[in-house]
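Beneath this line is the structure, given in structure tokens, with notes to follow.
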Amino acid sequence: MYYRSLFPRDLFAELDRLQRELQQSVDPNPSIRGLTRGFPALNVGGTPKTVDIYAFAPGIDPATLDVQLVKGMLTIAGERKIDPVPEKATLHIDERFAGRFRRVVSLPDDADPNAIEAKYKDGVLHVRIQRKEEAQPRRITIQ
Amino acid sequence: MSENNAVAKASEPRRDEAALLPPTDVIEDAGGITLYADLAGVPKDKLSLQVEADTLTIEGEVALDLPEGMESSHAEVSLPRYRRVFTLSRELDPGKVSAEFNQGVLKLRIPKAEHAQPRRIEIQVA
């Protein structure tokens, strides 16, 4: 609401967002992290066996991406360099993110720090963390 | 690519579907316009570029490798498609558009038509 969204939408989606944000702004207990959005945009989801994090970071050399897991906090950091504007050229629209970035996600308690894999495809970093074996639901047979 | 474009042209554009606007940079130099657009999550075969008369349409469908039964708990990219439409000006040559698509970044080069290239006019001193 107070910041320009990284992924602006078309008019109808924008009206829908406005409605939701109005609802959120009348909520007496908003999130401590506010409504800000950063780069890369993150989607988080999970299955009973995994926690899946998708970071939308197009045009980055995966070797320069720094993904760290410390005490249940997953950090995705890096730098996005974009081609400089040549001399005697005019920049008409300037919306793409450039520069250093860092985003942190706190993982659920049952995430296993030893079973984590990261893939970069089509500009999306997908981090998959397995949930711990002991946290899996088990059926107990009744004697 | 050409096959996909043909299919995309045959079907009616789905204007009613909500879409994200991809962040874009547009740079103009003497020879033409260079456009960069961030379309993270779009594979090459799901990207569609159309130039019709003076309208440039960029569309892409997001295809993520989602595990079966995944439940989303937080989504900043909340729609599975991008769409953005630009109106080209007359001096641009839509027949010579070249495109590169690499790791979610689209780079389009639209050169200016021959007659619109800048020319330096000599001033005669009488």
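The values are calculated or read from the model by the stated rules, or taken from the named source; none is laboratory data. Note that the structure is a prediction, hence the values are computed from the model and not measured. Quick reminder, even Gly has a Cβ in these numbers, built from the backbone with ideal geometry, and neighbours come from all protein chains shown. Just the protein is used for accessible areas: all its heavy atoms, side chains included, with ligands, DNA and RNA removed. Shrake-Rupley method; radii C 1.70, N 1.55, O 1.52, S 1.80 Å.
Within the span defined as the range A:78-97, every residue fails to be among the aromatic types (Phe, Trp, Tyr) and not in a loop (DSSP other than H, G, I, E, B).
Determine whether A:Ile129 is open to solvent by 30 Å² or more (accessible area, probe 1.4 Å), of a type in the set (Val, Ile, Thr) and not in a loop (DSSP other than H, G, I, E, B). It is false that A:Ile129 is open to solvent by 30 Å² or more (accessible area, probe 1.4 Å), of a type in the set (Val, Ile, Thr) and not in a loop (DSSP other than H, G, I, E, B). The number of residues in the range A:40-77 being at the interface with chain B (Cβ under 8 Å from one of its Cβ atoms) and part of a strand (DSSP E or B) comes to 10. Scanning the range B:63-92 for residues that are farther than 30 Å from A:Thr50 by Cα and buried (at least 16 other Cβ atoms within 10 Å of the Cβ) returns B:Arg83, B:Arg84, B:Phe86, B:Leu88, B:Leu92. Taken over the range B:65-95, the criterion of being facing chain A (nearest Cβ under 7 Å) and of a type in the set (A, V, I, L, M) is satisfied by B:Met70, B:Ala75, B:Val77, B:Leu79.
Taking A:Arg138 as the residue in question, decide whether it is open to solvent by 20 Å² or more (accessible area, probe 1.4 Å), among the basic types (Lys, Arg) and either more than 10 Å from chain B (Cβ to nearest Cβ) or within 30 Å of B:Pro111 (Cα to Cα) (or both). So A:Arg138 fits the description; yes.
Criterion first (under 28 Å from B:Leu47 (Cα atoms), open to solvent by less than 80 Å² (accessible area, probe 1.4 Å), more than 12 Å from chain B (Cβ to nearest Cβ) and of a type outside the set (A, V, I, L, M)) does A:Phe97 satisfy it?
No; evaluated as a whole, the condition is false for this residue.
Residue count for the range A:28-60 satisfying the condition of being small (Gly, Ala, Ser) and at pLDDT 90 or above: 6. Scanning the range A:100-111 for residues that are more than 9 Å from chain B (Cβ to nearest Cβ), open to solvent by less than 60 Å² (accessible area, probe 1.4 Å) and part of a strand (DSSP E or B) yields a total of 3. Within the range A:43-59, being aliphatic (A, V, I, L, M) and open to solvent by 10 Å² or more (accessible area, probe 1.4 Å) holds for one residue alone: A:Val44.
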